[in-house]
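Below you'll find the structure, written out as structure tokens, and then a few comments.
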Amino acid sequence: MNTDTVIPADTVTAADTADTAADTVPAKRVVLTDVGHTFDPTGEDMLFRHLTVTLLPRHVYALTGPSGSGKSTLLSIIAGWTAPAQGTVERIGCDRVNWVLQNPHGVARRSAIDHVSLPFIARGENRHDAESHALGLLYAFGLTRLAFKPFSDLSGGEAQRLMLARGVASGADLMLVDEPTAQLDLTTAATVNERLHALSLGGAIVVVATHDPRTRDACTDLIDLGDWQ
Ligand SMILES: Nc1ncnc2c1ncn2[C@@H]1O[C@H](COP(=O)(O)OP(=O)(O)OP(=O)(O)O)[C@@H](O)[C@H]1O
């Protein structure tokens, strides 16, 4: 991991501290057991099957597979929005689920720091503390010098990194990221990929659906749906 990252101390919960203790089962986890899914009413044309994996905090899982293999569907199953046709999904200690969308959405005239402070303020922090935590995350995502720029002035890669920083600020237990570099050119995508590790700074379980081999390589773990046909 990059050594220039900053973990906002207050975003790490007591449960996360327990996660790091040796010989303990992580308090927060998602356990998929024998999961399979199909949209075919006959049940014959399975997208994936027998997927068994435990997702843990502070890991960033790349979810890969050809187009149409079921990556977005599996994200939705992990989030609890779609029931799997087969198997079970247990979400333990995952009360807050956050979905980071492909296209960055922000408020044009609001500053970058405002976008990242707001989730802290929404959770009851005063503006000073919220901005201090937001600055830590902006630093982790390489956005310090843009903190007071309006969202409309950010490039595509900067806006996408801001969305990731805001996702971490949301204090989610489970963060699902769909194709974070899909709309970006190679150089811009690289600036996003090199900061992906910062996604798990708040102690979330992070799953990133991607086609991009560089995004895959920037994650800590790999779930390739091609292995679960
Ligand atoms: N609600 C639905 N009803 C019927 N079929 C669906 C539904 N949602 C997705 N599908 C189909 O399921 C398959 C998997 O879709 P999904 O979007 O999960 O794949 P993906 O791997 O994320 O694809 P891509 O990489 O192109 O985004 C596709 O063939 C899609 O058309």
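Taking region 189-218, which residues are outside any helix (DSSP H, G or I), open to solvent by 20 Å² or more (accessible area, probe 1.4 Å) and within 16 Å of the ligand (Cβ to nearest atom)? First the steps, then the outcome.
In the first step, residues of region 189-218 are kept if they are outside any helix (DSSP H, G or I); the result is 194-195, 201-212.
Narrowing the set further to residues that are open to solvent by 20 Å² or more (accessible area, probe 1.4 Å) leaves 194-195, 211-212.
Listed by number, the residues that qualify are 211, 212.
Assess whether residue 124 counts as being on the phi > 0 side of the Ramachandran plot and either charged (D, E, K, R) or away from the ligand (no atom under 16 Å from the Cβ) (or both). Don't jump to the end; show me each part of the working.
Details: on the phi > 0 side of the Ramachandran plot: yes; either charged (D, E, K, R) or away from the ligand (no atom under 16 Å from the Cβ) (or both): yes.
Judged against the criteria, residue 124 is a match.
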> Considering only residues of region 72-104 that are within 14 Å of the ligand (Cβ to nearest atom), outside any loop (DSSP other than H, G, I, E, B) and among the β-branched types (Val, Ile, Thr), which is surrounded by the fewest Cβ atoms within 10 Å (Cβ to Cβ)?
Replying inline: 73
> Which of the residues spanning region 151-169 are open to solvent by 40 Å² or more (accessible area, probe 1.4 Å) and out of contact with any Pro (no Cβ under 8 Å at 6 or more places or on another chain)?
Replying inline: 152, 153, 155
> Is region 7-23 home to any residue that is among the β-branched types (Val, Ile, Thr), exposed (fewer than 14 other Cβ atoms within 10 Å of the Cβ) and either assigned to a loop (DSSP other than H, G, I, E, B) or modelled with pLDDT of 65 or more (or both)?
Replying inline: no
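Looking only at region 175-192, count every residue that is in contact with a strand residue (DSSP E or B) (Cβ under 8 Å, 6 or more places away or on another chain) and of a type in the set (A, V, I, L, M, F, W, C) and tell me the total.
Kept after step one, since they are in contact with a strand residue (DSSP E or B) (Cβ under 8 Å, 6 or more places away or on another chain), are these residues of region 175-192: 175-180.
Then keep just the ones that are of a type in the set (A, V, I, L, M, F, W, C); that gives 175-177.
Count: 3.
Which one is surrounded by the fewest Cβ atoms within 10 Å (Cβ to Cβ), of the residues in region 219-229 that are in a loop (DSSP other than H, G, I, E, B) and in contact with a strand residue (DSSP E or B) (Cβ under 6 Å, 6 or more places away or on another chain)?
Taking region 219-229 as the starting set, the residues that turn out to be in a loop (DSSP other than H, G, I, E, B) are 219-220, 229.
Pick out the ones that are also in contact with a strand residue (DSSP E or B) (Cβ under 6 Å, 6 or more places away or on another chain) and you get 219-220.
Working: 219: 24, 220: 16.
So, considering only residues that are in a loop (DSSP other than H, G, I, E, B) and in contact with a strand residue (DSSP E or B) (Cβ under 6 Å, 6 or more places away or on another chain), the one surrounded by the fewest Cβ atoms within 10 Å (Cβ to Cβ) is 220.
Residue by residue, here is whether (1) out of contact with any Lys or Arg (no Cβ under 8 Å at 6 or more places or on another chain); (2) part of a helix (DSSP H, G or I) holds:
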site	(1), (2)
116	no, yes
135	yes, yes
184	yes, no
187	yes, yes
> Can you name the residue in region 30-55 that is buried (at least 16 other Cβ atoms within 10 Å of the Cβ) and assigned to a loop (DSSP other than H, G, I, E, B) and, of all such residues, is farthest from the ligand (Cβ to nearest atom)?
Replying inline: 46
>> Taking the condition of being of a type in the set (S, T, N, Q), in contact with a strand residue (DSSP E or B) (Cβ under 8 Å, 6 or more places away or on another chain) and part of a loop (DSSP other than H, G, I, E, B), how many residues in region 56-71 meet it?
In response: 1
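The values are calculated or read from the model by the stated rules, or taken from the named source; none is laboratory data. The shown structure was predicted, so the numbers you read here are calculated from the model rather than taken from an experiment. Cβ: placed from backbone, ideal geometry, glycine included. Neighbour counts: every protein chain shown. All accessible areas refer to the heavy atoms of the entire protein, side chains included, with ligands and DNA or RNA removed. Shrake-Rupley method; radii C 1.70, N 1.55, O 1.52, S 1.80 Å.
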